[in-house]
Amino acid sequence: MAKIRKKLFVTGGAGFIGSAFVGQRINAGDEVIVYDSLTYAGHRENLEWIDNSEKRLKLVIGDICDTRKVIKLIKKNNVDAVINFAAESHVDNSINESAIFIETNIKGTHSLLEASREYWNGLSDKKNFRFIQISTDEVYGSLGPKGKFSETSIMQPNSPYSASKAAGDHLARAWHHTYGLPVIVTNCSNNYGPRQHPEKLIPNMITCALAGKNLPVYGDGKNIRDWIQAEDHCRGLYLALTKGKPGQTYCFGGNAERNNIETVTTICKILDDLKPRKNGRSYEDLISFVKDRPGHDRRYAINDAKARKELGFKRKYKFEDGLFATVKWYLENQQWCEKIRKKK
């Protein structure tokens with residue numbers, strides 16, 4: 001049996017990025033308590049691929065706003081870290097219904113910080129505990145044609161989603177500076193990979209194409225995103241947990257800027273090779289430009305020099321290779337996609 005190295009309390013661990021992190025840590029020998037409310041974006045299916053034969057993974061269903069329940073769980077399990085992946089994250093949903101984003105991303109973060117503070121204050125050895133707040137590059141707003149976001153960028157969120165995440169980041173920072181809670185905040189570029197909810201750009205394009213539906217691209221398709229494979233991101237998060245300094249922020253990027261139409265056409269070409277359409281035409285024929293969403297940021301890009309220098313962060317995946325593997329995974333796991341779609 002692998003030696004237990006850390007006991008981690010992972011909120012939102014049944015979501016896309018959270019489950020990738022949980023899988024890495026279980027494979028490394030850690031013990032993980034996943035705390036998830038199992039909304040439409042978090043589900044047991046995301047954890048089924050993880051080998052839990054040694055019973056080091058436990059799923060507890062609950063709301064991060066339930067402070068007392070969180071305190072009870074982290075005290076009972078004597079955890080080394082609280083890692084907050086739990087979030088409402090789909091920008092379109094935040095535009096249509098912002099209240100749940102305020103509840104989860106702001107009030108929920110506050111609840112976790114308070115629970116962690118009470119737990120940390122009772123520890124005899126305070127120096128090894130960490131609270132990791134997982135955030136996004138969207139808190140920084142929109143870039144012009146040059147430059148990249150970094151840890152020193154000013155927060156200028158432009159959507160209800162990004163504003164709620166920025167608020168959570170500010171709370172985390174304040175709990176460190178006011179109370180001394182050992183908090184680390186991380187911000188990342190757009191994630192992609194297996195088990196991402198079909199509402200997101202890359203899996204949405206794949207599943208729509210396979211269903212013969214139009215591929216809806218916002219505006220002129222020239223909005224630029226920097227893409228990081230979720231496994232690379234999660235390796236960076238563990239480096240932040242183990243090597244990062246409390247009170248610091250670390251950014252993780254993919255060094256893979258692509259405009260949206262370029263990403264969509266690349267997906268189409270991969271599908272043309274892996275699963276040609278019966279009519280012999282390219283999937284690109286299904287691309288349809290639709291009305292842009294309100295407040296759509298034009299460009300994101302991350303400069304992760306600090307993480308590379310101070311944490312030793314390295315990326316394994318090149319975008320084209322990671323995207324090919326992702327498309328292949330969705331082709332081979334259509335039943336998973338159908339289950340997830342039915343839950344919404």
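A few remarks follow.
- Cα gyration tensor, segment 273-318 - rounded (a/c under 1.5), prolate or oblate: oblate
- Rough spin-label spacing in nm, given labels placed 7 Å along Cα→Cβ, for residue 255 and residue 174: 3.7 nm
- Here segment 232-248 and segment 143-158 have alpha carbon centers that stand 21 Å from each other.
- The eigenvalues of the Cα gyration tensor, multiplied by 5 and square-rooted, give segment 137-214 an equivalent ellipsoid with semi-axes of 32, 16, 11 Å from largest to smallest.
- Mean separation of Cα contacts under 8 Å, 6 or more apart, over the residue count of the chain: relative contact order %: 17 percent
- Spacing of the modelled spin labels on residue 124 and residue 320, each 7 Å from Cα toward Cβ, amounts to 5.8 nm.
- Listed by Cβ neighbour count within 10 Å, with the fewest neighbours leading, 16, 101, 289, 129 appear as 289, 129, 16, 101.
- Stretchable slack from residue 92 to residue 277, in nm (0.36 nm times residue separation minus alpha-carbon distance): 63.6 nm
- Separation between Cα centres of segment 251-295 and segment 170-216, rounded to whole Å: 19 Å
- Tail weight of P(r) past 39 Å, computed on alpha-carbon pairs of the chain, percent: 11 percent
- For 155, 205, the sequence from fewest to most other C-beta atoms within 10 Å is 155, 205.
- Dipole in debye (nearest 20) - the chain, about Cα centre, beta carbon charges: Lys, Arg +1; Asp, Glu -1: 740 debye
- Just checking the listed ones, 259, 84, 105: in the Gaussian network model of the chain with Cα springs under 10 Å, the one fluctuating most is 259.
- Cβ-derived FRET efficiency at R0 41 Å, residue 245 paired with residue 341, nearest 0.05: 0.45
- Calculated FRET efficiency for the pair residue 27/residue 222, C-beta based, R₀ 35 Å, to 0.05: 0.35
- Springs join every pair of Cα atoms under 10 Å in this Gaussian network model of the chain, and among 208, 251, 234 the largest mean-square fluctuation is at 208.
- Over the chain, dividing the summed -39,500 (n - 2.57) contributions of all DSSP H runs of at least 4 residues by the number of residues returns a 222 nm mean residue ellipticity of -12000 deg cm²/dmol.
- Projecting the Cα atoms of 161, 207, 34 onto the dipole axis of the chain, where Lys and Arg carry +1 and Asp and Glu carry -1 at the beta carbon, places 34 farthest toward the positive end.
- For 92, 137, order by how many other beta-carbon atoms lie within 10 Å, fewest first: 92, 137
We did not get these values from a lab; they are worked out from the coordinates using the rules stated. All values reported here derive from a predicted model rather than from experimental measurement. Note that we place each Cβ from the backbone using ideal geometry, even for glycine, and neighbour counts take in every protein chain shown.
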